[in-house]
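Asks: Structure in structure tokens, see below.
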Amino acid sequence: MLRLNLLCVFHVALVLGCSSEMGEPSSSGTSDRELASSDREKLASELGSTQFAAHGCPGAGEQFRVATFNAALAPDFAPYVAERRPAIIDALADSAKQLDLMCVQEFWRETDFESLRNATQAELPHSLRRAPRHGFGSCTLMELGQLGQCLQSQCPDVMGAQLVECATQHCAVEVASLSGGCLGCIMNHLEDDMTVCAGAGGKGDPAIFEGAYDVGLLSRQPMIDSEVTRELDSYFVRMAVLYAEIAIPGHPHLHAFCTHLGSALGVVPYAGDHGSWESEHLHQVTQLRDYIREKTTVGDWVVVLGDMNAGPDARGLVGEWQSNYAALVSDDLLDPYLNQANVACTWCPNNTLVDDASTPRLLDHVLFGAFERPRLRVERILDRRVLLGTANGAISSHLSDHYGLRATIGWK
């Protein structure tokens with residue numbers, strides 16, 4: 001979930017694990033290492049998979065594992081990005097040993113995704129990512145003057161993340177008054193003199209993070225049809241769906257869709273083509289479902305992974321854009337996690353990177369097409385704390401403001 005709110009200036013608070021020695025227990029009752037050992041035979045029994053119990057490795061012919069994780073690696077906007085980055089890469093590389101398919105979000109920098117690709121190369125050698133599409137925008141002299149005066153007065157001699165934090169606290173009114181093209185340009189040039197954004201102003205085509213698409217898909221098995229991605233209508237943040245047809249030896253191919261749908265950006269006034277952030281999100285849901293229908297037929301094995309920024313009001317969870325979530329999962333797209341006893345939030349008040357006042361939400365999903373399914377199990381992962389070294393000393397932190405989900409498809 002990507003948020004920009006009045007408490008965090010252009011702050012994109014991205015609402016958009018693997019366990020550590022000091023980590024809290026997962027709410028699902030299992031950690032990655034526990035599943036790799038003591039829970040293996042129990043899980044194998046539940047899945048009816050004798051080969052999984054014997055070998056414990058993906059691709060053994062009796063099970064297939066997929067996962068989704070929003071890493072919140074937004075440079076200058078999410079907390080402790082530099083400190084969390086290596087821990088996230090290590091945790092995902094460790095998780096890849098127990099996966100066949102991984103969908104990640106909030107990998108805005110190509111260098112970060114390349115690090116992930118290198119770290120998981122032995123386990124998940126096939127990958128898919130869409131190239132950036134740069135936006136454009138500029139600021140009038142009046143816009144630059146008003147914001148510049150506030151920053152000079154309230155935030156002298158700070159840049160990057162410190163500038164974002166300071167401007168959030170002291171120049172929120174000036175930031176909120178900027179046109180979309182102006183705010184987009186400034187957010188792409190936090191380390192530069194703001195005068196590089198001088199121009200005619202107006203709506204422009206703002207695309208923060210230099211027009212990057214944040215999603216990536218990594219697979220153990222070859223991607224048969226993977227040169228297809230679909231851009232989603234979105235204002236201010238580029239969004240897309242990655243699609244790949246995955247070969248599963250001895251079984252039907254799996255049609256995999258990896259995405260990150262939009263969210264309200266708070267301090268950024270909506271100036272897109274759909275009236276509001278929520279309406280734009282619903283349009284993205286429609287685009288996603290149309291794309292799924294375009295690439296598949298009834299009865300195909302389909303999995304849809306990602307941070308959907310919408311969820312149900314059920315099972316102790318607080319809903320987020322519930323009608324949009326209902327449109328996403330209606331009829332032929334199912335959310336089996338909700339029917340399990342271990343269902344838990346992925347955006348949670350107990351997360352060290354989330355405001356304590358936040359309510360428990362299920363924003364991240366592993367959805368399945370309504371095919372004649374083998375057995376399914378979904379569990380929360382990457383929800384443990386890690387120890388980070390920061391400029392102010394060591395701190396205990398979660399990997400991301402989101403927790404991940406892993407689903408195991410098992411058959412006899």
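The values are calculated or read from the model by the stated rules, or taken from the named source; none is laboratory data. For clarity, every value in this text was computed on a predicted model and none was experimentally measured. Note that we place each Cβ from the backbone using ideal geometry, even for glycine, and neighbour counts take in every protein chain shown.
Asks: I'm trying to understand the selection: among the residues of region 353-408, which are assigned to a strand (DSSP E or B), over 17 Å from the mean Cα position of the chain (by Cα) and among the β-branched types (Val, Ile, Thr)?
Replies: Residues satisfying the conditions are Val378, Val386, Thr390, Ile395, Thr408.
Asks: Please go through region 331-353 and pick out each residue that is of a type in the set (Val, Ile, Thr) and buried (at least 19 other Cβ atoms within 10 Å of the Cβ).
Replies: Here is the first cut: in region 331-353, the ones of a type in the set (Val, Ile, Thr) are 343, 346, 352.
Those that are of a type in the set (Val, Ile, Thr) and buried (at least 19 other Cβ atoms within 10 Å of the Cβ): Val343, Thr346.
Asks: Please go through region 112-156 and pick out each residue that is crowded, with 18+ Cβ neighbours inside 10 Å, more than 14 Å from Gly201 (Cβ to Cβ), at pLDDT below 95 and not hydrophobic (A, V, I, L, M, F, W, C).
Replies: Gly135
Asks: Next question, about the same structure. Filtering region 135-149 down to residues that are within 33 Å of the chain's Cα centre (by Cα) and among the hydrophobic types (A, V, I, L, M, F, W, C), which residue is nearest to Gly272 (Cα to Cα)?
Replies: Across region 135-149, the extreme among qualifying residues is Phe136.
Asks: Another one. Criterion first (touching an Asp or Glu at 6+ places or on another chain (Cβ under 6 Å) and crowded, with 21+ Cβ neighbours inside 10 Å) does Ala207 satisfy it?
Replies: Working: touching an Asp or Glu at 6+ places or on another chain (Cβ under 6 Å): no; crowded, with 21+ Cβ neighbours inside 10 Å: yes.
Against the criterion (touching an Asp or Glu at 6+ places or on another chain (Cβ under 6 Å) and crowded, with 21+ Cβ neighbours inside 10 Å), Ala207 does not qualify.
Asks: Shifting gears a bit: Give region 165-188 a look and list any residue that's assigned to a loop (DSSP other than H, G, I, E, B) and either farther than 14 Å from Gly148 by Cα or touching a Lys or Arg at 6+ places or on another chain (Cβ under 7 Å) (or both), or say none. Show your work before the answer.
Replies: Going residue by residue through region 165-188, those that are assigned to a loop (DSSP other than H, G, I, E, B) are 171, 177-179, 188.
If the condition is that a residue be assigned to a loop (DSSP other than H, G, I, E, B) and either farther than 14 Å from Gly148 by Cα or touching a Lys or Arg at 6+ places or on another chain (Cβ under 7 Å) (or both), then Ser179, Asn188 are the ones that fit.
Asks: Checking the condition charged (D, E, K, R) and closer than 28 Å to Tyr235 by Cβ, which residue from Asp94, Asp112 passes?
Replies: Being charged (D, E, K, R) and closer than 28 Å to Tyr235 by Cβ holds for just one of Asp94, Asp112, which is Asp112.
Asks: A follow-up question, please. Find the residue count for region 238-281, including only residues that are part of a loop (DSSP other than H, G, I, E, B), touching a His at 6+ places or on another chain (Cβ under 9 Å), modelled with pLDDT of 95 or more and not small (Gly, Ala, Ser).
Replies: 2
Asks: Any residue at all in region 324-337 that is under 19 Å from Asp401 (Cα atoms) and among the aliphatic types (A, V, I, L, M)? Spell out the reasoning first.
Replies: Keep residues of region 324-337 that are under 19 Å from Asp401 (Cα atoms), which gives none.
No, the conditions are met nowhere in region 324-337.
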